[in-house]
Each structure stands twice: as C-alpha cells, then as structure tokens.
1. Can you tell me the order of 288-294, 343-349 when each peptide is scored by its average per-residue count of other Cβ atoms within 10 angstrom, highest first?
2. Highest mean first, how do 725-736, 705-716 rank when packing is the count of other Cβ atoms within 10 Å averaged over residues?
3. Among M577, S553, S543, whose Cα sits farthest toward the positive end of the charge dipole of region 443-594 (+1 at Cβ of Lys/Arg, -1 at Cβ of Asp/Glu, about the Cα centre)?
4. Residues with beta-carbon under 10 Å from that of L712, excluding L712: net charge, scoring Lys, Arg +1 and Asp, Glu -1?
5. Which FRET efficiency value, to the nearest 0.05, do you get for L372 and L231 by plugging their Cβ-Cβ distance into 1/(1 + (r/R0)^6) with R0 = 41 Å?
6. Is there a quick way to get the dipole size of region 443-594? I mean about its Cα centre, with the Cβ of Lys and Arg at +1 and of Asp and Glu at -1; what is the value in debye to the nearest 20?
7. Net charge within 12 Å of A684 by Cβ-Cβ distance, Lys/Arg positive one each and Asp/Glu negative one each, not counting A684 itself?
8. Which of the peptides 431-437, 628-634 is most tightly packed, and how do the rest follow, judged by the mean count of other Cβ atoms within 10 Å per residue?
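What follows draws every value from the coordinates through simple rules; no lab data is involved. Given the structure is predicted, the values throughout are model-derived calculations rather than measurements. In this analysis, Cβ positions are derived from the backbone assuming ideal geometry, glycine residues included, and neighbour counts consider all displayed protein chains.
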Amino acid sequence: METPAPGSAEMPRQFPKLNISEVDEQVRLLAEKVFAKVLREEDSKDALSLFTVPEDCPIGQKEAKERELQKELAEQKSVETAKRKKSFKMIRSQSLSLQMPTQQDWKGPPTASPVMSPTTPVLPGATSQPTPAPYAMPEFQRVTISGDYCAGITVEDYEQAAKSLAKALMIREKYARLAYHRFPRTTARYLGHRRVDAAPPEEGLPDFHPPPLPQEDPYCLDDAPPNLGYLVRMQGGILFVYDNKKMLERQEPHSLPYPDLETYTVDMSHILALITDGPTKTYCHRRLNFLESKFSLHEMLNEMSEFKELKSNPHRDFYNVRKVDTHIHAAACMNQKHLLRFIKHTYQTEPDRAVAEKRGRKITLRQVFDSLHMDPYDLTVDSLDVHAGRQTFHRFDKFNSKYNPVGASELRDLYLKTENYLGGEYFARMVKEVARELEESKYQYSEPRLSIYGRSPEEWPNLARWFIQHKVYSPNMRWIIQVPRIYDIFRSKKLLPSFGKMLENIFLPLFEATINPQDHQELHLFLKYVTGFDSVDDESKHSDHMFSDKSPSPDIWTSEQNPPYSYYLYYMYANIMVLNNLRRERGLSTFLFRPHCGEAGSITHLVSAFLTADNISHGLLLKKSPVLQYLYYLAQIPIAMSPLSNNSLFLEYSKNPLREFLHKGLHVSLSTDDPMQFHYTKEALMEEYAIAAQVWKLSTCDLCEIARNSVLQSGLSHQEKQKFLGQNYYKEGPEGNDIRKTNVAQIRMAFRYETLCNELSFLSDAMKSEEITALTK
C-alpha cells in the first residue's frame with residue numbers, strides 16, 4: 001500500500017463548509033445567469049461568445065482593443081498604479097532570478113549543466129538567493145522574455161485575473177485532496193502551500209493495488225480483511241457510514257468527509273463567473289498563445305538536440321516504450337474483423353449449443369441465426385455493420401446502434417454482454433483474446449470500461465462473478481466502471497422509483513464490500529483490479545434543469561426527466577469521495593473519477609469536471625474557453641483524447657485540438673475509445689499513434705511524451721510505473737524522467753517544467769503583490 005497524500009495528516013476529516021458572504025451571493029447570481037444563458041443557447045453558436053475571445057469579428061476585436069488602450073492610458077496617469085507596477089516589477093525580477101540560468105551555469109559537460117531550480121517561489125521579504133537544483137539540468141537554447149511583462153494588459157486586470165486563477169486552482173486542490181485524486185506538487189508549491197516541501201515526493205500518488213506476483217494466484221479469495229459491521233444509509237443521494245445502530249439513531253456518522261452541496265455550488269459559481277470574466281479571458285488567451293508560440297520556438301531551436309539525445313539512448317525507441325490506452329470500452333475493445341472471426345468460429349464449433357432461453361424453451365446458436373435469416377458463413381465486415389462512418393457524424397443515436405452486430409440486439413446480448421444465458425462466456429473469451437495480444441506485444445496496456453447501470457444492486461456481484469469464473473484478469477489490463485447517464489430510460493420503464501435508488505444500487509454494494517469484505521469476497525477481489533469510475537453517454541443531450549443547491553435531492557427526483565450532467569457528476573464524486581476515505585482508512589485501494597467530458601454539449605460540463613474529476617476523456621470543448629483551457633494546463637489535469645473517434649462523431653480530424661494542446665503543454669494522451677467502430681488493425685492504439693504522427697508530423701519525442709503521459713494518467717500501480725518510467729517518475733521536471741525507460745529527451749522535460757513554473761510564477765507574484773506594496777511604502 002502507498003503512503004497518504006501530502007498534508008493528509010493535517011487535513012480536516014470533515015468537508016470544509018463555507019460561510020456564504022454577500023460576494024459569494026453576487027457570484028452565485030452571476031453564475032446562474034451564465035447557466036441560464038447556456039441552457040437557452042446551448043445549441044447555438046452565440047453561447048460560445050460567453051467564453052471565447054472574439055477572433056472572427058473585426059469590429060468586436062477593434063472595440064475591445066480600443067477599450068484596453070483607453071484603460072491603459074488612464075492607468076499610466078495614476079500615481080497609485082505606478083507604485084503597484086513598480087512593486088510588480090520587483091517581484092517579477094525576483095521570480096526570474098530563480099528561473100533564469102546564469103552565465104556560470106553554462107560551464108561543464110555539454111549535455112548536463114546545473115542550473116537554478118525554478119521550483120521555489122520567492123516569499124515576501126525573502127532574499128532572492130536561488131536554490132541549486134538537486135539534479136543535472138540539460139543544456140539547451142532557452143526562450144526568455146524581458147522588459148515590461150505587463151505590456152498589453154493593465155496592472156489591475158493582470159492582478160484580478162491572476163488572483164482569480166489562483167483561487168480556482170485552490171478550489172480544485174481542495175476537492176482533489178479530499179477524494180485522494182492527484183494534484184501537481186509544482187502547482188501546490190506556487191500556491192504557497194509550504195507543507196508540500198516537507199512531504200516526500202511520492203506522497204499523494206493514487207493508491208492502486210499492485211499486480212500479483214508471478215507465483216501468486218490473481219483469483220485468491222483468502223486475503224480479505226475482517227468485517228467491521230458498520231451500517232450504511234443513504235441521505236440526500238450520499239451514503240453515510242455509522243459505527244453502530246446507536247450512532248445511526250443519534251445521526252452521528254463515522255468520521256469521514258461528507259460533502260456539502262451549498263459549498264460545492266458556491267465553488268462552482270466562482271469558476272462559472274471566472275470563465276466569463278473579460279479581463280481573465282483576455283489574459284488566458286494571451287498566455288495560451290504565448291505557450292504555443294514558445295513551443296514553436298523551442299522546437300525550431302532544439303529539435304535536433306532532442307533527436308540527438310534520443311539517438312544516443314541505447315535499446316529504447318518508440319516501439320518499446322510503454323503505452324496505455326487510457327480510454328477504451330470493453331464492449332468494443334476488439335476490431336470488427338476479430339468480432340466477425342469469433343462469431344464464425346463459435347458457429348462452426350458449437351452450432352447446437354444452447355445459448356439463450358425464451359419462454360422456458362432453450363435456443364441453440366443455429367436457431368438464433370435461423371431466426372435472423374442469416375448464415376454466418378456469408379457474413380462480412382460490411383454486413384456486420386459495426387463500423388462508424390460518415391452517417392454517424394453528429395448522430396450519436398446511429399453510433400449507439402453500431403453496437404448491435406448486423407443490427408440485431410440478440411447478437412449484442414450474446415457476444416458483447418456479461419449477463420446472459422451463458423454468463424457472458426463469449427464476451428469473456430473475446431476480451432481474453434484481446435488481452436493475450438496485449439501481453440504478446442509486451443509494451444501496450446489498456447483500461448477497458450465495464451458497465452454498471454444502477455438498475456439493481458445485484459449487478460456488482462454478477463460482474464465480479466463473471467470476472468472470476470471466466471478468469472479475465474490480465475497483467476496488461478486495468479478496469480474502469482462506466483455508469484451510463486440513462487436514468488430517464490429506466491424510470492420510464494418503471495425499473496427505478498427515483499434517481500436516489502439508482503445511486504444506491506451503484507454505490508451501496510461497494511460500501512458493503514469495503515466494510516464487510518468477508519461477506520463479499522468475490523466483489524472485494526474484483527475491486528483490486530478496478531481503478532476508477534467513468535460517466536458516459538451523449539453529452540449533446542439538452543437538459544432544461546440548472547443544477548444548484550435548490551435542485552431536488554436524488555431521493556425525491558422521481559420525474560422521468562434525466563438529471564443534468566453536473567448533477568450526475570456531483571453525486572458520483574460525492575460518493576466516490578466518501579468511499580475512498582473509507583477504503584483508505586481500511587488500507588484498501590482507492591478509485592479515480594475519470595468521466596467523459598467536453599466531447600459535445602455545454603462548456604459548463606468542463607467546469608463540473610474541473611472540480612470533481614481526476615482526469616477526463618475527450619476535452620474538445622476546452623478549445624472554446626481560454627480560461628478553462630489555461631486552468632486545465634496549470635492544474636495539469638490529464639486528458640485522454642481520441643481523434644479518430646471524434647472524426648466519426650463530432651469533429652473532423654484536421655480540426656482536432658490534440659496537437660495544439662500538446663504544444664501548449666496540456667497533459668494529453670492518445671486513446672482508441674472503440675476499436676470495433678473506428679479502427680481497422682489488430683493494434684488499434686498503434687494505429688492511433690501512427691495516424692496522429694503522419695497527419696500532424698509529430699516527432700519521436702512528441703510520441704514518446706504522449707506515451708509517457710498515458711502511463712502517468714493510467715491506473716497502473718506505483719510499482720509498475722516505477723518499472724516502466726523510472727524509480728523517480730513522481731518527481732518534478734527532468735528529475736522525474738528516466739530517458740532509458742521513457743525515451744523522452746531531458747531537454748523536453750526541462751522545457752515543460754520551466755515553462756509551467758514560469759506561468760505559475762505570474763500567479764504567485766500577484767498573490768504576493770499586496771505584501772510587497774506595503775514593504776515598498
């Protein structure tokens with residue numbers, strides 16, 4: 001088991017509730033207006049004007065520039081502004097002295113010269129003595145900017161934007177720490193959290209169960225810890241844990257952090273208000289443009305140096321660095337030819353096997369195909385019709401129908417489901433064949449999603465039984481549970497009385513298996529190999545409900561209307577947070593929340609994920625909001641992107657922002673999503689890398705950086721990451737990179753780290769401004 005998160009000892013075990021101030025109330029009213037406008041205009045282009053900087057409107061651009069110029073001229077005449085600008089220049093010179101290598105630093109070996117560490121921000125009143133880095137920093141041509149760093153933006157706007165961004169990052173950190181999600185140490189340090197310096201670097205890592213050793217049985221049920229006998233009850237959509245019946249009667253829950261909806265909605269309101277704030281949008285837009293331009297210059301100046309570094313690296317190249325498919329659905333983890341071959345094989349070898357039951361009568365495989373009026377021998381990949389094409393673009397309904405081979409739901413139930421007459425045997429066999437191919441490739445891993453719908457609490461034990469009986473474990477696979485957002489369908493069919501019951505069916509079995517693992521041994525074992533939760537469905541579905549603290553609780557959400565995206569995310573996060581704290585207390589593995597987000601629909605989905613998610617899948621809509629994109633960069637939130645999937649559903653390949661995000665320094669990885677629908681070859685992940693490399697002319701260093709990101713984002717354990725990335729993979733900057741294992745140039749890692757430190761220093765400088773101003777007076 002891994003060590004606790006940094007600062008967890010000092011962190012209050014209760015959720016920190018806010019006292020709502022007048023300012024918070026004003027922010028909330030503004031956020032409600034933003035939300036309401038988005039709801040009205042979700043399907044129109046106008047909605048984006050709230051979040052984007054006007055680039056395609058010359059008149060709007062000209063007026064905005066004129067307003068900025070007038071504001072700057074007025075500021076120049078202000079004596080107070082001059083003092084503040086002077087104090088900012090003092091702070092900036094101190095910050096730069098920590099980030100800029102001095103002349104003496106260039107002496108030494110040609111590939112490794114010690115430079116000053118850019119990791120420690122200057123505190124008010126401190127001397128500006130740079131701290132030498134405890135590692136050798138590679139020598140390369142650095143791009144630095146000198147002079148008036150506030151040029152083009154007023155001091156007031158800079159200070160407002162920087163402080164607002166810092167507050168947003170602090171909010172993000174609060175929710176990440178409470179749920180045992182990841183938050184970058186570099187960012188935490190620049191936000192002024194000195195406890196980060198005292199904590200060992202490996203603290204704060206996700207707590208995943210290490211893989212069984214070669215001589216160990218991955219299906220051994222004997223190591224379950226003893227039962228605790230705690231009681232669990234759902235209140236307002238969140239499960240509360242009680243030590244005993246007496247505590248339950250007194251309503252005194254076990255000491256765990258339980259979320260507060262009002263505090264959450266105020267925090268969300270602050271982020272919503274921030275992404276529509278004019279000065280902040282302008283500031284973030286300019287910084288993002290600078291990041292992209294800076295990388296282009298870095299590439300021009302250092303591309304050959306990076307390539308030389310990779311050429312001198314023995315044994316390792318792009319083909320034998322570890323890569324993880326960070327976003328893939330188990331029901332489509334095979335390609336269309338694999339599925340076709342498997343269907344034909346089963347028909348040839350066991351046509352008379354009973355595979356279904358209808359009205360008490362057993363049906364053989366031959367009878368299933370006879371009822372569909374088809375002969376499997378005549379099937380082709382075209383007649384199988386599971387591949388997405390032009391007809392699925394912006395048609396998620398048509399895409400979902402592609403999960404039915406030959407358009408027949410009977411074949412989907414038989415071959416692609418875990419619960420059927422055969423107990424999901426055919427599906428397990430196909431998944432194991434895919435796993436065998438991954439094991440043979442040695443360097444590829446995947447994180448398939450399995451569905452839990454919330455219709456019944458029996459779904460969990462049934463899924464665990466399927467996993468163990470069919471021996472589906474593979475060292476090259478880690479499992480994620482996806483929860484489809486289809487409550488409205490279940491409610492309309494009278495399968496559920498309320499949304500609260502759906503949440504209870506999803507999470508109560510997990511709490512019971514955590515509290516009393518001896519009574520739920522199969523589920524306890526299965527949860528060792530589950531690393532996270534996902535929330536899936538069509539994001540472009542419109543919802544009329546605006547989530548707030550006045551929203552009906554899940555217990556009384558009994559209408560057939562589907563709750564909005566943000567409602568789903570909050571209640572999933574809230575239960576995962578409580579569950580993670582309980583499991584951490586018991587010394588068990590914890591889970592990450594990794595929802596689909598930003599593929600389509602409202603930009604507010606990305607706000608919800610910023611607070612609740614450890615990482616997201618897709619993130620295309622970040623392109624529409626400079627503020628959110630910059631926040632995702634500063635917080636280094638992992639994004640699993642699937643450009644081939646997007647190309648068939650929502651966004652043409654050439655317009656995909658993956659290359660742009662990579663250049664700016666966002667933490668992106670490549671993933672396949674659904675190989676059955678989008679890919680042609682046996683190695684779908686390599687197909688994804690190959691096409692991206694060709695279309696965007698990615699270098700070997702780019703590809704290896706994406707591959708390294710994928711391992712960091714994944715649910716692989718600490719021990720596996722040490723083996724695949726290096727013993728110090730969790731450390732900051734080049735120190736955390738072992739080129740012998742990752743094939744990522746130290747020059748690239750140094751550039752990424754120094755650039756992030758530079759951007760964060762702007763925020764820390766603004767936070768220190770008031771104290772410095774007081775000192776100068």
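1. On the way: 288-294: 17.3, 343-349: 15.0.
Peptide ranking by packing, descending: 288-294, 343-349.
2. On the way: 725-736: 20.0, 705-716: 24.9.
Highest mean packing first, the order is 705-716, 725-736.
3. M577
4. Values: positive: R182, R708, K721; negative: none.
Neighbourhood net charge equals +3.
5. 0.25
6. About 340 debye.
7. Its environment carries a net charge of -4.
8. Details: 431-437: 17.6, 628-634: 25.7.
Going by the mean number of other Cβ atoms within 10 Å, highest first, we get 628-634, 431-437.
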